[in-house]
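What follows is one structure encoded as structure tokens, with my remarks underneath.
The values are calculated or read from the model by the stated rules, or taken from the named source; none is laboratory data. In this text, all values refer to a predicted model and were calculated from it rather than measured experimentally. Cβ sites come from the backbone with ideal geometry, for glycine too, and all protein chains shown count toward neighbours. Please note that ligands, DNA and RNA were not included when accessible areas were found on the heavy atoms of the full protein model with its side chains. Shrake-Rupley method; radii C 1.70, N 1.55, O 1.52, S 1.80 Å.
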Amino acid sequence: MTLEGKLLIGQDAVSGSSKPINAINPATNETLEPTYVGGTIAEAERACELAETAFATYSETSLEERATFLETIASEIEGIGDELIERAMAESGLPKARLEGERGRTCGQLRLFASVVRAGEWLDVRIDPAMPDRQPMPRADLRQRHIGLGPVAVFGASNFPLAFSVAGGDTASALAAGCPVIVKGHSAHPGTSELVGRALQRAVKTCGQPEGTFSLLFGSGSEIGQALVADPRIQAVGFTGSRGGGTALMKTAQSRSQPIPVYAEMSSINPVFLMPEALKARGKQIAEGFVASLNMGAGQFCTNPGLVVAAKGPELDAFIESAAEGVKASGSQTMLTPGIFDAYEQGVKRLSNSGKVREAFRGKVGETPNQCQAGLFITSATDFLGDPELQEEVFGSTALVIECADQEEMKRVAAQLEGQLTITLQVDNGDVQAAQQLMPTLERKAGRILANGWPTGVEVCHAMVHGGPYPATSDSRTTSVGSSAIHRFLRPVCYQALPEALLPEALKDSNPLGVSQLVNGKRE
């Protein structure tokens, strides 16, 4: 299809009237057409008005209708074909295979949520029938289900132009919960966003959903995003991006007359703890796996392993030597945007200029624009514990090794860590007792703890947790990946002594939806 560079508000394609946006091919610094003229507060208000109108109808669609809608979105995205992959490659510098895999993940999570919707477990139906003869006081009939919060604002991420963008996990889980979605497309990949947005528009029309079920806005700067979060019709926010951007949205959301939740994924350095027996038995193998994970996607993953913690000794020296050789041999890779590249260079410079950090090795220098040169740096636990700046994320293929005096100092490092998305243990049988002593601290610091693997790569499934304590996310009780993500956009409602005719279908004794019901504390 021909890209038009327009906002998608309901079923309309609208020309913006604010600052222009052009994608840039990061591999060449070429400006890509068309120009996307950003929206104004008036367009944001129109999208919110349509979403509010749509909510009453869309939130009460049948389970089958909603599931079919999600599956239709997936089919429409797949129907775009190679055009989608080619545009995403041009806007992100990512390779074809990576983007084809990301498209598969995007469509897979839409279909996962379709199955979740059909199963109806998310309704969490609870029924406590009336007990009029109970002494000393009777009990009224009480029934509970979960409903959608209302319209949701979703902010597309820079590093996943498909899976965390227009039809990504936040959008899929919000739509599954019965919430209309307004997406603020990321300015780095507007063409990719328009292609996916058009697919969503077609799915809304094909499935007969209210037109305000989905809208897509563009805008440089923060005006449109802040306007969405401040609009009283928006009831929740999904965000993936920088700590500064996420906290700014949180501040706006909390300053409203009716504060709303912001589910923001922001910052994580994903520490790796090398336990002594594992390091002794397979240090070279661990180093090879670490460098491969560090370099994946030029390190532009929110789960990139940016910190290594281990006790000093010949085994750690050998690991550092092997890892440094791997980094030295690492070819440069194109980063997602010139801005991300500049931020990476500043982060590496901060480490290089620190008197508390020494450079182990750098990777190969690129000859084309925006090339990530991998890096490995080393510091002592004493210096790390005394300098909070050393915990700052460097978004790219650079990591910091912390040399600890012993296991006790490793525990102190763990205790001082900020909240993380992941923490990895490289552990052998002889390390179990020492690892057990770390576990209570690690559980408080991260949303996912893994052993003898690498954190890059997030499985979309029922058990996954992609979240963690601040600043990894703004709400450690939730996940942005996996079927549990639907619960971010739901709230419970109790119906007391309502006549049958007024009860939602899920709460009726006849259970016409066939969903699981907890009746008098017993699952039926």
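Would you confirm, using the coordinates I've provided, whether ARG126 is touching a residue at least 12 places away in the same chain (Cβ under 8 Å), buried (at least 16 other Cβ atoms within 10 Å of the Cβ) and either of a type in the set (Phe, Trp, Tyr) or out of contact with any helix residue (DSSP H, G or I) (no Cβ under 7 Å at 6 or more places or on another chain) (or both)? Walk me through it before giving the result.
Numbers: touching a residue at least 12 places away in the same chain (Cβ under 8 Å): yes; buried (at least 16 other Cβ atoms within 10 Å of the Cβ): yes; either of a type in the set (Phe, Trp, Tyr) or out of contact with any helix residue (DSSP H, G or I) (no Cβ under 7 Å at 6 or more places or on another chain) (or both): yes.
Against the criterion (touching a residue at least 12 places away in the same chain (Cβ under 8 Å), buried (at least 16 other Cβ atoms within 10 Å of the Cβ) and either of a type in the set (Phe, Trp, Tyr) or out of contact with any helix residue (DSSP H, G or I) (no Cβ under 7 Å at 6 or more places or on another chain) (or both)), ARG126 qualifies.
Which of the residues spanning segment 486-521 are of a type in the set (Lys, Arg) and farther than 12 Å from PRO129 by Cα? Full working, then the answer.
Pass one, segment 486-521, residues of a type in the set (Lys, Arg): 488, 491, 508.
Hits for segment 486-521 are ARG488, ARG491.
Can you say whether LEU228 is more than 22 Å from VAL37 (Cα to Cα), part of a helix (DSSP H, G or I) and either at pLDDT 95 or above or open to solvent by less than 20 Å² (accessible area, probe 1.4 Å) (or both), as far as the supplied structure shows?
Details: more than 22 Å from VAL37 (Cα to Cα): no; part of a helix (DSSP H, G or I): yes; either at pLDDT 95 or above or open to solvent by less than 20 Å² (accessible area, probe 1.4 Å) (or both): yes.
No: the conditions fail for LEU228.
Please find, within segment 57-85, the residue that is farthest from LEU99 (Cα to Cα) out of those that are open to solvent by 70 Å² or more (accessible area, probe 1.4 Å) and assigned to a helix (DSSP H, G or I). Show your work before the answer.
Taking segment 57-85 and keeping what is open to solvent by 70 Å² or more (accessible area, probe 1.4 Å), we get 57, 60, 64-65, 78, 82.
From the residues that got through so far, the ones that are assigned to a helix (DSSP H, G or I) too are 57, 64-65, 78, 82.
Numbers: THR57: 35, GLU64: 30, GLU65: 29, GLU78: 12, ASP82: 10 Å.
Of everything passing the filter in segment 57-85, THR57 is farthest from LEU99 (Cα to Cα).
Hey, ASP82 hits all of (1) in contact (Cβ under 8 Å) with a residue 12 or more places away in the chain; (2) closer than 30 Å to GLN300 by Cα; (3) over 21 Å from the mean Cα position of the chain (by Cα) but one; which does it fall short on?
It is condition (1) that ASP82 fails.
Testing GLU265 on (1) open to solvent by less than 40 Å² (accessible area, probe 1.4 Å); (2) of a type in the set (D, E, K, R); (3) over 26 Å from the mean Cα position of the chain (by Cα), one condition comes back false. Which one is that?
(3)
Of the numbered conditions (1) out of contact with any Phe, Trp or Tyr (no Cβ under 7 Å at 6 or more places or on another chain); (2) on the phi > 0 side of the Ramachandran plot, ASN370 satisfies every one except a single condition; which is it?
ASN370 satisfies all of (1) out of contact with any Phe, Trp or Tyr (no Cβ under 7 Å at 6 or more places or on another chain); (2) on the phi > 0 side of the Ramachandran plot except (1).
Can you find a residue in segment 275-283 that is among the charged types (D, E, K, R), farther than 21 Å from VAL413 by Cα and in a strand (DSSP E or B)?
So far as segment 275-283 goes, no, none of its residues is among the charged types (D, E, K, R), farther than 21 Å from VAL413 by Cα and in a strand (DSSP E or B).
Do the conditions hold for ALA140, that is, is it within 30 Å of GLU102 (Cα to Cα) and touching a residue at least 40 places away in the same chain (Cβ under 8 Å)?
On the way: within 30 Å of GLU102 (Cα to Cα): no; touching a residue at least 40 places away in the same chain (Cβ under 8 Å): yes.
Spelling it out, it is not the case that ALA140 is within 30 Å of GLU102 (Cα to Cα) and touching a residue at least 40 places away in the same chain (Cβ under 8 Å).
What are the pairs with Cβ atoms under 6 angstrom where one residue, in segment 453-475, is more than 23 Å from VAL308 (Cβ to Cβ) and free of Cβ contacts under 8 Å to residues at least 40 places away in the same chain and the other, located anywhere, is of a type in the set (Ser, Thr, Tyr) and open to solvent by less than 30 Å² (accessible area, probe 1.4 Å)? Sequence gap at least six, or different chains.
Here the result reads HIS462/SER483, each pair linking segment 453-475 to a residue that is of a type in the set (Ser, Thr, Tyr) and open to solvent by less than 30 Å² (accessible area, probe 1.4 Å).
Would you check if there is a residue in segment 307-317 being assigned to a helix (DSSP H, G or I), open to solvent by less than 60 Å² (accessible area, probe 1.4 Å) and in contact (Cβ under 8 Å) with a residue 40 or more places away in the chain? Outline the logic, then answer.
Going residue by residue through segment 307-317, those that are assigned to a helix (DSSP H, G or I) are 314-317.
Cutting the leftovers down to open to solvent by less than 60 Å² (accessible area, probe 1.4 Å) gives us 316.
Next cut, in contact (Cβ under 8 Å) with a residue 40 or more places away in the chain only: 316.
Yes, there is a match, as at least one residue in segment 307-317 is assigned to a helix (DSSP H, G or I), open to solvent by less than 60 Å² (accessible area, probe 1.4 Å) and in contact (Cβ under 8 Å) with a residue 40 or more places away in the chain.
So ALA54 ticks every box in (1) in contact with a helix residue (DSSP H, G or I) (Cβ under 6 Å, 6 or more places away or on another chain); (2) open to solvent by 30 Å² or more (accessible area, probe 1.4 Å) but one. Which box is left unticked?
Among (1) in contact with a helix residue (DSSP H, G or I) (Cβ under 6 Å, 6 or more places away or on another chain); (2) open to solvent by 30 Å² or more (accessible area, probe 1.4 Å), the lone unmet condition for ALA54 is (2).
Could you list, in sequence order, all residues of segment 326-345 that are open to solvent by 50 Å² or more (accessible area, probe 1.4 Å) and within 14 Å of ALA399 (Cα to Cα)?
Residues satisfying the conditions are LYS328, GLU345.
Which residues, counting only those in segment 232-246, are surrounded by 24 or more Cβ atoms within 10 Å (Cβ to Cβ) and either of a type in the set (S, T, N, Q) or in a helix (DSSP H, G or I) (or both)?
Within segment 232-246, the subset surrounded by 24 or more Cβ atoms within 10 Å (Cβ to Cβ) is 234, 236-240, 246.
Within segment 232-246, THR240, GLY246 qualify.
Residue under question is GLU102, and the condition is that it be farther than 22 Å from ALA506 by Cα, among the acidic types (Asp, Glu) and touching a Phe, Trp or Tyr at 6+ places or on another chain (Cβ under 8 Å); does it hold? Before you say what the answer is, go through the steps one by one.
On the way: farther than 22 Å from ALA506 by Cα: yes; among the acidic types (Asp, Glu): yes; touching a Phe, Trp or Tyr at 6+ places or on another chain (Cβ under 8 Å): yes.
Here the answer is yes, as GLU102 does meet what is asked.
Is there a residue in segment 31-46 that is modelled with pLDDT of 95 or more, out of contact with any Lys or Arg (no Cβ under 8 Å at 6 or more places or on another chain) and under 30 Å from GLY120 (Cβ atoms)?
Looking through segment 31-46, none of the residues is modelled with pLDDT of 95 or more, out of contact with any Lys or Arg (no Cβ under 8 Å at 6 or more places or on another chain) and under 30 Å from GLY120 (Cβ atoms).
Inside segment 129-141, can you point out the residues that are open to solvent by less than 50 Å² (accessible area, probe 1.4 Å) and among the aliphatic types (A, V, I, L, M)?
Within segment 129-141, just ALA140 meets the criteria.
Only residues that are closer than 15 Å to LEU70 by Cβ, in contact (Cβ under 8 Å) with a residue 24 or more places away in the chain and not in a helix (DSSP H, G or I): list them for segment 202-217, please.
Result: CYS207, GLN209, PHE214.
Residue-by-condition table, conditions (1) open to solvent by 30 Å² or more (accessible area, probe 1.4 Å); (2) assigned to a loop (DSSP other than H, G, I, E, B); (3) closer than 30 Å to GLU100 by Cβ; (4) touching a residue at least 40 places away in the same chain (Cβ under 8 Å):
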position	(1), (2), (3), (4)
ALA298	no, no, yes, yes
PHE319	no, no, no, yes
LYS364	yes, yes, yes, no
ASP383	yes, no, no, no
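Is it true that some residue in segment 198-221 is within 15 Å of GLU43 (Cβ to Cβ), of a type in the set (Gly, Ala, Ser) and surrounded by fewer than 24 Cβ atoms within 10 Å (Cβ to Cβ)?
The answer is yes, given that some residue of segment 198-221 is within 15 Å of GLU43 (Cβ to Cβ), of a type in the set (Gly, Ala, Ser) and surrounded by fewer than 24 Cβ atoms within 10 Å (Cβ to Cβ).
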